[in-house]
Structures are given as C-alpha cells and as structure tokens.
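Down below is the structure, laid out as structure tokens.
The values are calculated or read from the model by the stated rules, or taken from the named source; none is laboratory data. No experiment lies behind these values; they were computed from the predicted model shown. Cβ placement follows ideal geometry from the backbone for every residue including glycine, while neighbour counts extend to all protein chains displayed.
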Amino acid sequence: MSPERLHASLSRLLPHLDYARIALTGGVATGLHLGARCGERAPGIGAGDVDLVAAEVDAVRPTVTGDFLVSHFHLPQPGYAKFLVQLADPGSRLRIDIFPDSLNALHRAGGMDVAGIDVRVLNPSDLLDHKLATLAKASAADPVDPKHLDDARRLGALCGRAISALAASHLKPDEYTRDVGAICLRCEASRCDAFPLAPKREILEVLGYV
C-alpha cells in the first residue's frame, strides 16, 4: 500500500483507539523496521492490510463504527479465548485487524513515524516471535500464507536469528470468499449494539471479499 493510503486510514482510525494499549504489528510494522534499518522497502509498502495488537478489546472505542465498517467482531467464547475486531475502511479500501497481544509484547513497543503519524510499533524481535508462533501452527491441513515465512526470514536477518525451513505443503496463499451470504458463528455469538456488523455486500464493495 502507498504511504498516502496508510496515512489516510490511520488518521481516521487512531482517534478511536487507546494509544497506550495498542501497537502496529504484521506487514506494516515489518516494513517499517526493514525500511528504517536496512532500506529494504519503504514504510508500509508490501503489506496488504493493517494489523494491530491490543491489550483488551475495549482499547477499541465503539466510535470507530462512525468511520469504519465492522466486518468481524469476536469476543472470547468457550473454546475460543481470543478477541478480534476486523474493520473495512471505505476511504482507503484497507482491511484493519485488531487482535490480542498474545505474547505480551505491548510494553516493549516504541513510537515510530508511520506515514507522518506517531504510532506505537512492536519491536522487530517481538514481531518475529509473532511470526514464528503463526508458522509453528502451520500444517498440511491448515497451511499459512507464504508471506509469513518471507517476513520471518527478513526479520530473522534483522535480529540475527536463524529461521527454520517450512514444508511446501504447509504454505498456501490466503483465500477469501465473496459469498455475501456467509455467516460467521463467532460474530453471531458476539453480537452487540456497540459494534454492529456491516452488511456483507458493503464489505465486498470496499475490500473485494468478505
């Protein structure tokens, strides 16, 4: 994504978040560190969406629904201890995923200039730990997108840590449905007035998938 798209989306998003309890992760954060330290790629370029970790789901204020469409909203449920707030930005046409800081890395995050906006960003070592945790769950039955291995290798080089190979059968590009009739059971179990789900057809128009 271009820095301009990222700036436009973050400038609308951040007023709805608790700054001290969120941080960028994923491809955008990886690109920032690689760009800053290695000059490998410009900030934000190469990432297809925006990922953040939060201390708790209430780090996202319900006011976010005034500027963004809620694609998925998951609260912890029996057998599923995580939360997820997935948003679609009609302005930048970006997807934004906000999920738990499962590795307790938030307190080590530092502020960085992200497309002209000050945002907290997980440090490279913690980003790598998140990537390795994702890769560790990969299997032939439940493969992960190759981008995670690519980023792990780049972060490993940055952090001086060796990254193990992964079987080709454990890697597969993510696929997204365009079925506007699809029902997410976790969303259904988490329905609340503060985060109303947007119609799937509106999500499709913004992102090209649901």
- Restricting the search to segment 182-210, which residues are outside any loop (DSSP other than H, G, I, E, B) and touching a residue at least 40 places away in the same chain (Cβ under 8 Å)? Arg186, Cys187, Ala189, Glu202, Ile203, Val206, Leu207
- Message: Checking the conditions here, which among Val70, Val144, Val121 is modelled with pLDDT of 95 or more and touching a Phe, Trp or Tyr at 6+ places or on another chain (Cβ under 9 Å)?
- Response: Val70
- Tell me which of these Arg153 doesn't satisfy, since it passes every other one: (1) within 28 Å of Leu17 (Cα to Cα); (2) over 18 Å from the mean Cα position of the chain (by Cα); (3) not hydroxyl-bearing (Ser, Thr, Tyr). (1)
- Message: Checking the condition assigned by TED's automatic domain parsing to the domain that holds Gly91, over 18 Å from the mean Cα position of the chain (by Cα) and aliphatic (A, V, I, L, M), which residue from Ala167, Ala189, Ala162, Ala141 passes?
- Response: Ala189
- Query: Is it the case that His170 is within 25 Å of Glu205 (Cα to Cα) and modelled with pLDDT of 95 or more?
  - Reply: no
- Task: Any chance you could count how many residues in segment 116-138 are assigned by TED's automatic domain parsing to the domain that holds Tyr19 and over 22 Å from Ala54 (Cβ atoms)?
- Result: 1
- Item | Test set (1) assigned to a strand (DSSP E or B); (2) surrounded by fewer than 16 Cβ atoms within 10 Å (Cβ to Cβ); (3) in contact with a strand residue (DSSP E or B) (Cβ under 7 Å, 6 or more places away or on another chain) - Asp113 fails condition number | (3)
